[in-house]
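Peer 1: Mind having a look at this structure? Questions to follow.
The values are calculated or read from the model by the stated rules, or taken from the named source; none is laboratory data. Predicted model, so just to flag it, every value in this text is computed and none were measured. When we count neighbours, we look across all protein chains shown, and the Cβ atoms used for this are built from the backbone with ideal geometry, even at glycine.
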Amino acid sequence: MDVNHATPVQPVGPGGGHGGGAGPGGKKKEEHHEEQAKNGHPDPAINVSGLLSMEGLSPEAQHAIERMAAEIEPLRRQLAHAQEELKEALANEFRDAVVPALNRRGFMVELEKLIHRLGHIEARPALILVHLANGDVIRRTHGLAVLDQALRLTCDMLGADRHQAMVMGSLGGNDFALVVLEDGMDGARRKAAELESALGAIHMPVGVSLEARTGVALLEPGMTAEAAVSAADRNLR
């Protein structure tokens, strides 16, 4: 025997080792630990789907996890429902309650955006304020439902494709506003007169025609939405 040459010690025990050698049993454990290292989790592990592995857990622990999962699922459904309600609420935040258009808040937000972009275009859009002049008379004579119908007819006419409004909405009450791209102030006034005439041609079943008054203001860079509406309101005829 060469005393300078170390003879390898053969592992003993089942599978050729002390339970963790290179034999079949040891190989399985090595593969298992490699799999754990690959996933970055010790037993019990959380797999890529986020579910707890039951391997190595006692029956009591398994039952506890199952109970937790059963409690979490209804909470997930409630959260999904709440998220849908929030999404719907946000969508309705800028919608008018009576007419199918932006409400005052939504219109002002869009008007601010449009004014902010004016520095990038040469044309100057015009804001036209439309007031349903006989709205209060309709309300007193025929009731709220008929006034709501008159407001919807007004909204439908202002939002018609032929008027090519860049943005249109209700300012509340009997007032509407829209932004159009016309040839300066003269073009904007012609468009306003056209809108008054179109509304006057609408006859309601109760025997009432719509009467409108309009005001016009050109939009300028740096102007606020409130200032634009105020300018159009001062111009109301």
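Peer 1: Is at least one residue of segment 224-231 β-branched (Val, Ile, Thr), buried (at least 20 other Cβ atoms within 10 Å of the Cβ) and assigned to a strand (DSSP E or B)?
Peer 2: Going through segment 224-231, the residues β-branched (Val, Ile, Thr) turn out to be 224, 229.
Remaining after also requiring buried (at least 20 other Cβ atoms within 10 Å of the Cβ): 229.
Applying the additional criterion that residues be assigned to a strand (DSSP E or B) yields none.
No, that holds for no residue.
Peer 1: Sticking with this structure for a sec: Provide a single number: the residues in segment 212-222 that are closer than 21 Å to Glu122 by Cβ and modelled with pLDDT of 95 or more. Even if it seems obvious, please write down each step before you answer.
Peer 2: Going through segment 212-222, the residues closer than 21 Å to Glu122 by Cβ turn out to be 216-222.
Still in the running and modelled with pLDDT of 95 or more: 216-219.
Qualifying residue count for the region: 4.
Peer 1: Could you pull out the residue among Ile128, Ile121 that is surrounded by fewer than 15 Cβ atoms within 10 Å (Cβ to Cβ), hydrophobic (A, V, I, L, M, F, W, C) and closer than 24 Å to Met108 by Cβ? First the steps, then the outcome.
Peer 2: On the way: Ile128 fails: surrounded by fewer than 15 Cβ atoms within 10 Å (Cβ to Cβ).
Unique residue meeting the criteria: Ile121.
Matching residues to (1) surrounded by 14 or more Cβ atoms within 10 Å (Cβ to Cβ); (2) in the same structural domain as Glu112 (by TED's automatic domain parsing); (3) in contact with a strand residue (DSSP E or B) (Cβ under 9 Å, 6 or more places away or on another chain):
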{"site": "Thr141", "(1), (2), (3)": "no, yes, no"}
{"site": "Val146", "(1), (2), (3)": "yes, yes, no"}
{"site": "Leu158", "(1), (2), (3)": "yes, yes, yes"}
{"site": "Val179", "(1), (2), (3)": "yes, yes, yes"}
{"site": "Ala201", "(1), (2), (3)": "no, yes, yes"}
{"site": "Leu210", "(1), (2), (3)": "yes, yes, yes"}
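Peer 1: If you don't mind, another one. What are the pairs with Cβ atoms under 8 angstrom where one residue, in segment 113-140, is over 20 Å from Ala188 (Cα atoms) and the other, located anywhere, is assigned to a helix (DSSP H, G or I)? Sequence gap at least six, or different chains.
Peer 2: What qualifies is Gly135/Leu147; Gly135/Ala150; Gly135/Leu151; Ile138/Val146; Ile138/Leu147; Ile138/Ala150; Arg139/Val146; Arg139/Leu147.
To keep it simple, each residue is scored yes or no on (1) among the charged types (D, E, K, R); (2) under 21 Å from Val229 (Cα atoms); (3) in contact with a Leu (Cβ under 7 Å, 6 or more places away or on another chain).
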site: Ala145; (1), (2), (3): no, no, no
site: Leu158; (1), (2), (3): no, yes, yes
site: Ala165; (1), (2), (3): no, yes, yes
site: Asn174; (1), (2), (3): no, yes, yes
site: Ala177; (1), (2), (3): no, yes, yes
site: Lys191; (1), (2), (3): yes, yes, no
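Peer 1: Continuing with this model, one more query. Scan (1) under 35 Å from the mean Cα position of the chain (by Cα); (2) not in a helix (DSSP H, G or I) for the single condition Arg237 breaks and write down its number.
Peer 2: Arg237 satisfies every listed condition except (1).
Peer 1: Check whether at least one residue in segment 174-193 is part of a loop (DSSP other than H, G, I, E, B), of a type in the set (Asp, Glu) and in contact (Cβ under 8 Å) with a residue 24 or more places away in the chain, and report yes or no.
Peer 2: Yes - at least one qualifying residue is present in segment 174-193.
Peer 1: Moving to a separate point now. Looking at segment 103-138, which of its residues are in contact with a Lys or Arg (Cβ under 9 Å, 6 or more places away or on another chain) and farther than 24 Å from Leu153 by Cβ?
Peer 2: Initially, segment 103-138 is screened for residues in contact with a Lys or Arg (Cβ under 9 Å, 6 or more places away or on another chain), giving 103, 106, 118, 126, 128-133.
Passing the criteria: only Leu118.
Peer 1: Could I ask something else about it? Confirm whether Met168 is modelled with pLDDT of 95 or more, surrounded by 13 or more Cβ atoms within 10 Å (Cβ to Cβ) and within 13 Å of Leu129 (Cβ to Cβ).
Peer 2: Details: modelled with pLDDT of 95 or more: yes; surrounded by 13 or more Cβ atoms within 10 Å (Cβ to Cβ): yes; within 13 Å of Leu129 (Cβ to Cβ): yes.
So Met168 passes the test.
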